[in-house]
Structure formats: C-alpha cells, structure tokens
Amino acid sequence: MNKNKLWMVRAGEGAYLADDFLTKNIVSIGWNRLGDLSKVNNLNELKELIRENYPDYKKGQIISSAGQIYRFLSEFKKGDCVMTYNHSERTYFIGEIESDYKFDEKISEYFHIRKVKWIGKVNRDDLSTSTKNTIGAILTIFEIPKQAREELFSLLAGKPSKMIEEASEEEALEEVRDDFIAKSHEFTKDKVLSLDWEEMQELVAGILRAMGYKTRISGKGADRGKDIIASPDGLGLESPKIVVEVKHRQGSMGSQEVRSFLGGLRASDRGLYISTGGFSKDAKYEAERANVPITLVDSDILVELIIQYYDSFDNDTKTLVPLKKIYWPVKIK
C-alpha cells in the first residue's frame, strides 16, 4: 500500500453510489458517453472526446473534466490509496487500488472502474478544521495533500490525530464559488449536528415558523411521536396540521420507525419526519406508499431549508445556527 498517494473519488451527487462503492469493492466515475478510454494516450485526445460527446460543456468544464478523468486513467496506480465520502454517515472510507482502469457497463451506474480493497474509515467529526477544509472540494477526483493525508492515516491507525491547463479567471472563480458553497453546506451541517436534541427540536420549530406556521413543542417525556405540531392557527384546528417527529442521532431510521410514526397520524394530518442520521431504503419506500402524506427530511435537506428560510428566522432560531451572509461577484449578462 502506497501511503504517499491518497486520491478522493466522490460517489456521485450526494454520494448516492457510496453503497455501490463499498459493497462491490470499486470506485467509479461518470462521463459514460466517452466509452472505453483504455486506448486514450494523452490529455489533448481526452479533451477532444469530451468536446465531441458533451457539446454543452464550456471550456472550463472541459479542462476540469479532462484533468480529473486523466488522473483516474493514468495517474492512479495499483497500490495507491483512495477514499470516498458518505454524506449520510459523515464518514470517509479509505482503501487500496487493486486494478488497472477498465470500462464496464454492468457493475455500476458509472462505467469507468477501478477495483478497490477497502481498509477502514474515518469520521469527519474527528478531523481538524484544516483537513475538513482541505478535503471539502467538490471535484470528483483530486489528490489529498500531505498534511491532510497524514492526519487521515493516523486516525485510520487509531491514533489522534501531467500539468493541467488552467481555466479562464472567470471560470476559475465560478469553480471556487461552487467549491465554497459545498464547503459552507458541510460546515453548516457540522454546526447543526452539534446541537443537542432539545435545540434540534427548537430549530425545526423555528424553520416551520419561518415558513409561515405557528408551532407547539411537546414537553419532556412521552409524546407518542409528536415532538412538534405546526398549523396556521397554532392549535392544530386549521389545516394543514403538520405532525413532526424529530430524531437526532447517528443511526438511520428504518421502516419500522416510519411505520410507527404513520400509525399515530390521522387521515387529515400531514407528517414530517426529521432524522439527522438519514433513512434506510426501506424507510423511504414505507413513506412513498403511505396513505397519509409524509415528508422525510435528513440532515442535508435540513441544511437546505435553513439556508432557504434563514432571513425569516426569529432571533432565537438564528442563535441556534448563527450564519453570516456573504456576497459574491457575478457577471451581468
């Protein structure tokens, strides 16, 4: 295992292919229209293939995509280390590359494949702020710098702690902006997940108030699955009456938990199930086939709601997750 090389390979948007990566012992990347790239000899040839197959790509996208794909094809070596991030578990999985590049349309939704032997995992919460910032880039593929790499391998062991053509200035700024947005999402989620259960309940109620509802929060003790009641009048007499359950823990919610929540709803109710640990596939299926309308909200959706309605938050809710608006320059067309 070559610990001098550690590559990040993201498992699709929102890490939706993370389970595939881990269960099938692979990492893979998209750009499926390019076909088998085993005969590609250089970066310019790869750029031309991208121009032909992705005609809507701007120059900066072609350059960035070519650089990432070329690393996967030519710079990845058997024995190098690779890692991927599972957003719902907030965990980085690290493994060793075991194969050369191959093109396979059957193993994964992404056809460009490398076989991997997964070795272990590192929780994002255990990382220093510097390393979190370093590995928060939105690029599909990039090499992890030395300092961050050493910290990751130290935690993994159980201890505390060719030239790519540049895009234009404007396109580079756009890429930095997107990178910053992705990082701000993760750091906001870090803050949200650091809240205790009662604070999380207050936060969810605050979001609903910002959306125009009045809320009642259940007192401590058995609430029979009703942590918050939201409605136009605040009493639950006017429709819609939203019954909210808040689960603030690491493990994902399964179908049994969702089924139990649904069992406490009336036909006229609307259900909102918050789980910062996410939901299993069976839980999502249970919600989809439910007779009572129900929305499942994980930590990523929760952060999106916070950002969307933050300007309408009351002071108490803003205190729970203090955020600062940052203005970014844009080009007027």
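Quick notes on this one:
- Residue in region 164-176 that is aliphatic (A, V, I, L, M), at pLDDT 90 or above and surrounded by 14 or more Cβ atoms within 10 Å (Cβ to Cβ) present: no
Conditions (1) under 26 Å from the mean Cα position of the chain (by Cα); (2) part of a helix (DSSP H, G or I); (3) not assigned by TED's automatic domain parsing to the domain that holds LEU208, marked per residue:
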| site | (1), (2), (3) |
| --- | --- |
| GLN256 | yes, yes, no |
| LEU262 | no, yes, no |
| ARG266 | no, no, no |
| ILE274 | yes, no, no |
| ASP282 | yes, yes, no |
| ALA287 | yes, yes, no |
| ALA290 | no, no, no |
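- Selection from region 41-90 of residues that are surrounded by fewer than 18 Cβ atoms within 10 Å (Cβ to Cβ) and outside any helix (DSSP H, G or I): ASN41, ASN42, TYR54, PRO55, ASP56, TYR57, LYS58, LYS77, LYS78, GLY79
- Neighbours by Cβ (under 9 Å, 6+ apart or cross-chain): first from region 287-299, more than 21 Å from GLN201 (Cβ to Cβ); second of a type in the set (Lys, Arg) and part of a loop (DSSP other than H, G, I, E, B): VAL292/ARG266
- Put simply, of LEU262, LEU323 the only residue that is at pLDDT below 95, in contact with a helix residue (DSSP H, G or I) (Cβ under 9 Å, 6 or more places away or on another chain) and within 23 Å of ASP196 (Cβ to Cβ) is LEU323.
- Number of residues in region 135-159 that are surrounded by fewer than 20 Cβ atoms within 10 Å (Cβ to Cβ), not in a strand (DSSP E or B) and not aliphatic (A, V, I, L, M): the value is 9.
- Qualifying positions in region 33-71 - of a type in the set (A, V, I, L, M, F, W, C) and within 23 Å of LYS183 (Cβ to Cβ): ILE63
The values are calculated or read from the model by the stated rules, or taken from the named source; none is laboratory data. Given the structure is predicted, the values throughout are model-derived calculations rather than measurements. Don't worry about glycine lacking a Cβ; one is built from the backbone with ideal geometry, like all the others, and counts go over all protein chains shown.
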